[in-house]
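All remarks here apply to the structure that follows.
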Amino acid sequence: MFDKFEIVDLSVTLGNDLPCARPILMPFRKQNTTWYTRVEDSSGVVKDANPGPFFSEWLIIDEHTGTHFDAPSHFIPPPDSGLLNAGPAGLIYGEDVPLETLMGEALVIDMCHLSGTGEPGVSPYVTKRMLIDWEEENGKIAPSKIVLLYTGWDKFYAPGDAGKKYSREPFAKQAPGWPTLDAEAIIYLHEQGVKCFGLDGVSIGACHDVMSSHVAGLSRGMIYFESLTNLDKLPTRGAYFMFLPIKLEKSSGGPGRAIAFVLKE
């Protein structure tokens, strides 16, 4: 039944030399555990067959590494905690989010013209007014749609020094931040019946204000997808989005594989 569709991979690759984790989080690390036989590479790193012989590697990975989703508990504390922004959504952990919520028809909003326009350390915002203007040209944002913000920020997802513009330099206030929606725009999407929102930037939270856009949607039970890629390969309407996360107990979200089904011409 899927032979009529092209599968588009919307997930970034994880690697030790890639900007897959924000500077404020645990760095991603992948290292060999065992190999088919004992070898030493050109840099002096030894791979051993003990306890092999087989190939396996260990990982250090934060829940919000690479392409991942945010569950409401990521920014919303439990309702009985007495903490700021606490509420019922704080009891929705990663494994509680139904899989059917993480898939559906995608609506892609192109805001690439904003990429690179912010001040150093500042993310340019997509506002409610801008969404309404977009709707006037492209049609209404319908309920239950998965809305994806295409900004082209994934062009900075590169190994080594070339990848510093992705998140390290913006957080260090050395380069502009990625475009994202402000809190009012997030609430507007929720009012339209949108349950999930994603983007090809580092985070739903602005580089200069991580909290407000996160809290606006997560407190209302919305789900976020961050660090997507290849959104330029999707039509404005008609692609079917799917995200399958790692199932982690009492998680704030987690990494996974995001794909889209696009009808072949």
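The values are calculated or read from the model by the stated rules, or taken from the named source; none is laboratory data. Keep in mind that this is a model prediction, so the values were computed, not measured. In this analysis, Cβ positions are derived from the backbone assuming ideal geometry, glycine residues included, and neighbour counts consider all displayed protein chains. Each accessible area value is taken on the protein alone, full model and side chains, heavy atoms only, with ligands, DNA and RNA left out. Shrake-Rupley method; radii C 1.70, N 1.55, O 1.52, S 1.80 Å.
Quick notes
- Rounded to the nearest 10 Å², the accessible area of I24 at probe 1.4 Å: 120 Å²
- Test item: Cα-centred dipole of the chain, Lys/Arg +1 and Asp/Glu -1 on Cβ, debye: 220 debye
- Inter-label distance, K247 to E105: 2.9 nm, where each label sits 7 Å from its Cα along the C-beta direction.
- The distance from the alpha carbon centre of the range 6-48 to that of the range 189-230 is 28 Å, rounded to a whole number.
- Taking the chain and dividing mean pair separation by its residue count, relative contact order in percent (alpha carbons under 8 Å, at least six apart): 29 percent
- Using C-alpha pairs under 8 Å with a sequence gap of at least 6, the mean separation divided by the residue count of the range 149-265 gives a relative contact order of 23 percent.
- Projecting the Cα positions of P79, L234, N50 onto the charge dipole of the chain (unit charges on Cβ atoms of Lys, Arg, Asp and Glu, taken about the Cα centre) puts N50 furthest along the positive direction.
- Cross-linked pairs K164/K250; K4/K145; K4/K128; K173/K233; K128/K165; K140/K233: Cα-Cα separations exceed 25 Å for K164/K250; K4/K128; K173/K233; K128/K165.
- Only Cα pairs under 8 Å and 6+ residues apart enter the sum, and on that basis the relative contact order of the range 20-76 stands at 39 percent.
- Full-extension gain in nm, A49 to K4, via 0.36 nm per residue minus C-alpha separation: 11.8 nm
- Point-charge dipole on Cβ atoms (K/R +1, D/E -1) for the range 123-265, about Cα centre, debye to 20: 420 debye
- Largest-first ordering by accessible area, 1.4 Å probe, given options R257, R29: R257, R29
- Compared with the alpha-carbon gap, the fully stretched path from E95 to E184 is longer by 29.2 nm at 0.36 nm per residue.
- Linear extension gain, T33 paired with D80, 0.36 nm per residue minus alpha-carbon span: 12.7 nm
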